[in-house]
Amino acid sequence: RIGLNTSPIELISFRSNISFGKDVAFNDEDPDLGKEFNLRATLSLQLNDNLSISNLFSFSKLKKIEINEFYYKGFINRFNTKYQFSKFLGLRLATEYNDFSESIFLQPLFEWTPNPFTIFYIGGNQILNKDDKYFVDRSQMFVKFQYLISI
């Protein structure tokens, strides 16, 4: 495993991780040993006190040792954007493309924390799967309110 973390200026940070070697294909009908390669890289930008953007790219493959076939091979790319209007009010959007399942995941979230003991979230998520074109497979909305009552 090889890793690199750097933040040359306050605006930018970069983290990466590469691992390789042998691993077991657990989810196969006949579990067997294969050659593994994983790459994970994150680039984060803090554009100002309110806006942050980050991108995570993760690639994985597990190749059969005897023949030139893969147990799995693909990547996931996740893009996060967060805007903090004030220390109490924020908005976040996460989008993710999954090459393994050819799906897109969307998750907007509105958060309000008027004090450390009270939290209010409203958001949702949506999964788009690909057939000939993308279609909405699942959607979900949620609301969370949490208040600490001291006795």
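Structural remarks
- Matching residues, segment 33-51, being of a type in the set (Asp, Glu) and either free of Cβ contacts under 8 Å to residues at least 12 places away in the same chain or open to solvent by 80 Å² or more (accessible area, probe 1.4 Å) (or both): 49
- In this entry, residue 43 is excluded by the filter for residues that are in a strand (DSSP E or B), modelled with pLDDT of 95 or more, of a type in the set (A, V, I, L, M, F, W, C) and more than 14 Å from the chain's Cα centre (by Cα).
- Test: residue in segment 46-61 that is within 28 Å of residue 95 (Cβ to Cβ), assigned to a strand (DSSP E or B) and modelled with pLDDT under 90: no
- Considering residues of segment 87-105 that are open to solvent by less than 50 Å² (accessible area, probe 1.4 Å) and under 24 Å from residue 146 (Cα atoms) only, the residue nearest to the chain's Cα centre (by Cα): 94
- Among the residues of segment 33-48, the one identified as among the small types (Gly, Ala, Ser) and more than 21 Å from residue 77 (Cα to Cα) is 34.
- Scanning segment 120-148 for residues that are closer than 14 Å to residue 108 by Cα and either among the β-branched types (Val, Ile, Thr) or in contact with a helix residue (DSSP H, G or I) (Cβ under 6 Å, 6 or more places away or on another chain) (or both) returns 122, 127, 143.
- Residue 132 meets all of the listed conditions (1) open to solvent by 40 Å² or more (accessible area, probe 1.4 Å); (2) closer than 17 Å to residue 82 by Cα but one, namely (2).
- Candidate set from segment 15-32 (those that are open to solvent by 70 Å² or more (accessible area, probe 1.4 Å) and in a strand (DSSP E or B)); member that is nearest to residue 74 (Cα to Cα): 20
- Note on segment 105-151: residues that are part of a strand (DSSP E or B) and charged (D, E, K, R) total 5.
So that you can scan it fast, the table gives a plain yes or no per residue for (1) more than 26 Å from residue 125 (Cα to Cα); (2) out of contact with any Pro (no Cβ under 9 Å at 6 or more places or on another chain); (3) free of Cβ contacts under 8 Å to residues at least 12 places away in the same chain; (4) open to solvent by 60 Å² or more (accessible area, probe 1.4 Å):
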position: 7; (1), (2), (3), (4): yes, yes, yes, yes
position: 53; (1), (2), (3), (4): no, yes, no, no
position: 74; (1), (2), (3), (4): no, yes, no, no
position: 83; (1), (2), (3), (4): no, yes, no, yes
position: 109; (1), (2), (3), (4): no, yes, no, no
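The values are calculated or read from the model by the stated rules, or taken from the named source; none is laboratory data. Given the structure is predicted, the values throughout are model-derived calculations rather than measurements. Cβ: placed from backbone, ideal geometry, glycine included. Neighbour counts: every protein chain shown. All accessible areas refer to the heavy atoms of the entire protein, side chains included, with ligands and DNA or RNA removed. Shrake-Rupley method; radii C 1.70, N 1.55, O 1.52, S 1.80 Å.
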